[in-house]
1. Consider THR110 against the criteria (1) among the β-branched types (Val, Ile, Thr); (2) free of Cβ contacts under 8 Å to residues at least 12 places away in the same chain; (3) within 26 Å of VAL362 (Cα to Cα): it satisfies all of them except one. Which criterion is unmet?
2. If the Cβ limit is 8 Å and pairs must be 6+ apart or interchain, which residue in segment 344-360 that is under 17 Å from THR269 (Cβ atoms) pairs with which residue that is small (Gly, Ala, Ser) and modelled with pLDDT of 95 or more?
3. Can you pull out every residue in segment 21-62 that is more than 20 Å from the chain's Cα centre (by Cα), over 19 Å from LEU251 (Cβ atoms) and either buried (at least 20 other Cβ atoms within 10 Å of the Cβ) or assigned by TED's automatic domain parsing to the domain that holds SER347 (or both)?
4. Whether any residue in segment 267-287 is of a type in the set (Ser, Thr, Tyr) and within 15 Å of the chain's Cα centre (by Cα) is what I want to check.
5. Could you check how many residues of segment 16-51 are polar (S, T, N, Q), out of contact with any Gly (no Cβ under 9 Å at 6 or more places or on another chain) and not in a loop (DSSP other than H, G, I, E, B)?
6. Considering (1) assigned to a helix (DSSP H, G or I); (2) at pLDDT 95 or above; (3) under 20 Å from the mean Cα position of the chain (by Cα), say which one TYR404 fails and leave the rest.
7. If you check GLY350 against the conditions, is it assigned to a strand (DSSP E or B) and touching a Leu at 6+ places or on another chain (Cβ under 6 Å)?
8. If I go through segment 34-89 residue by residue, how many of them are touching a strand residue (DSSP E or B) at 6+ places or on another chain (Cβ under 8 Å) and among the small types (Gly, Ala, Ser)?
Amino acid sequence: MTRILSEFAYGDGPRTGCWWDETCNLPQFGPLDGSQSCDVTIVGGGFTGVSAALHLARAGTSVVLLEAQGIGWGASGRNGGFCCLGGAKVSDAKLESRFGRRGRLEWRHTEKAAVDLVAALIDELHIDVDRHSPGEALMAHRARDMATFEDEAKAVIENYGVTPTLVPQDQLAAHGMAGPFHGAMITPIGFGLNPRKYLAGLVQAALAAGVQFHGNSPVTAIEGNWIKTDRATIKSDRIILATNGYSSEDLPGWMRARYMPTQSTVLVTRPLTDRELNDQGWTTDVMAYDTRNLLHYFRLLPDRRFLIGMRGGLLSSQRADTQSRARVAENFRCMFPAWAGVEITNSWSGLVCLTRDQLPFVGSVPGHPALLAGFAYHGNGVAMGTLCGQILADLAIGKVPACYPDAMRVPAARFPFGGLRRAIMPPVYAAFYLRDLGF
C-alpha cells in the first residue's frame with residue numbers, strides 16, 4: 001500500500017484527544033480470516049462504507065465490510081459533526097458552465113437530499129445523536145463578504161428552495177452571535193450532531209440487517225473480483241472502495257493522484273457557564289462557519305462545550321500536528337476573547353479529501369468492471385458520505401439511484417506531479433491566507 005503522507009498521518013497520533021471517543025463506544029470487530037465469498041465487499045468503515053453496507057443488506061445483498069483500523073477510525077469518527085449542505089467546492093458559475101442550469105440545480109438538490117437522508121435515518125433508527133441547530137450560519141469575515149450575502153441569499157432560494165435570514169452586524173448580538181463578524185446569513189438546512197453516535201447507530205442497524213464487519217483488515221491487493229488482506233482472500237461480484245482521504249495510490253492504481261488529502265484540526269472546550277456565554281455574547285446553538293478560504297467552523301454543543309475547527313494543515317508529523325492544534329487554539333482565543341482563559345480539554349486532527357475538479361466522484365472505476373468508488377466530500381462528509389453510500393449500494397445491484405447528478409459521475413481528474421502533488425498546496429494555501437487577511 002502506497003500513500004502520499006508520512007506514516008504519522010495514518011497512525012493514532014492525530015486522533016489522540018478526540019472528544020467523540022469519550023462520548024460513546026463503537027463495536028470492535030476482529031479481522032477476516034481465511035477465504036470467503038459474498039455479493040459485495042466494501043473497503044472502508046466510515047459514513048460511505050457503512051451507509052452502503054446498510055442499504056445493500058436491506059436490499060437482500062450479502063455484504064462484507066473491511067476496515068484497516070476500527071470502524072469510524074478515520075474522518076467519520078473525528079469530524080466536526082456538521083450535517084450540512086456541501087460536498088463540493090465548485091461555484092454555481094462553474095457548475096453551470098460544465099453541466100448547464102439543470103445540472104447545477106440537480107447537484108444543489110442532491111446536497112439537500114443528503115441532509116434529508118441523514119435526518120430520515122436518525123428518525124427511523126431512533127439514534128440519539130445530540131442533534132441541535134435549525135440550519136447553519138455563514139459568518140462574514142470581512143465587510144465586503146456581508147455585501148455579497150443578498151445575492152447569495154437569492155442563489156440559496158433558487159438552489160435549495162428555502163429563504164435564508166440575513167443578520168446585519170448590529171443585530172448579531174441580539175441573535176447570540178457576537179464576535180469579530182460583519183454579519184451572518186442563516187440557511188435553514190442542516191443540523192449539528194455527534195458523528196460517532198450517528199455512525200454507531202448505522203453500524204447497529206447494518207449488523208441487524210446481516211452485514212459482516214471486520215476491523216484490523218487492511219487490504220493489500222484488489223485484483224478483478226478478488227480482495228486480499230494479510231490473513232484472508234474474499235471474492236465478490238462487486239467491490240466498493242470507500243476510503244476517501246485515507247485512500248492509497250495503488251489500491252487500485254487508478255486512484256493515483258486523483259485525490260488530495262488535507263488536514264482539518266478540531267478542539268473542544270470544557271462546558272461553559274451561562275455567565276461565560278453571556279460575557280462573550282455567543283449563546284446560539286446554530287452551527288456556523290466563516291467566509292475565510294481557510295475557514296473556521298464552530299458550534300456550541302448541547303452540553304455547552306464549544307467546538308471549533310480549522311482547515312489548512314499541510315504537513316504530516318507530530319511537530320506539525322502540535323503546531324496545527326496550537327494555531328486553532330490561538331485563533332479560538334482571538335475570535336472569542338472572553339473565553340481566552342477557558343480550558344481546552346480536547347483537540348485532534350484528521351484528513352479531508354479534495355479533487356482537482358472540486359467535485360466528489362461516485363461511480364464505476366474506469367478499467368475495473370467490478371469496482372465502484374466514492375470519495376472527496378471536501379470536508380462535508382456527514383451528509384454527502386451517507387448519500388454517496390446509498391448511491392453506491394444502488395449502483396452495485398443495478399438499481400437507478402434517486403439522486404445521482406452528472407456532477408458526481410465524471411471520474412476525478414489527476415492532480416499534477418503525481419506523488420509529489422502536495423507540493424502545489426503551500427502556495428495555494430499561502431494565497432488563501434493572504435486573501436483572508438484582505439490582500
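The values are calculated or read from the model by the stated rules, or taken from the named source; none is laboratory data. Please read all numbers here as calculations on a predicted model, not as lab measurements. Note that each Cβ is placed from the backbone with ideal geometry, even for glycine, and that neighbours are counted across all protein chains shown.
1. Single failed check for THR110: (2).
2. ILE344/ALA329; ASN346/GLY17; SER347/GLY17; SER347/ALA329; TRP348/GLY17
3. The answer is PHE29, LEU56, ALA57, THR61.
4. Initial filter on segment 267-287 (of a type in the set (Ser, Thr, Tyr)): 269, 273, 283-284.
This time we only want the ones that are within 15 Å of the chain's Cα centre (by Cα), so: none.
No, because not a single residue in segment 267-287 is of a type in the set (Ser, Thr, Tyr) and within 15 Å of the chain's Cα centre (by Cα).
5. Residues of segment 16-51 polar (S, T, N, Q): 16, 23, 25, 28, 35-37, 41, 48, 51.
Add one more test, that the residue is out of contact with any Gly (no Cβ under 9 Å at 6 or more places or on another chain), and what stays is 16, 23, 25, 35-37, 41.
Those left that are additionally not in a loop (DSSP other than H, G, I, E, B): 35-37, 41.
Qualifying residue count for the region: 4.
6. The failed condition is (1).
7. On the way: assigned to a strand (DSSP E or B): yes; touching a Leu at 6+ places or on another chain (Cβ under 6 Å): no.
No; evaluated as a whole, the condition is false for this residue.
8. 15
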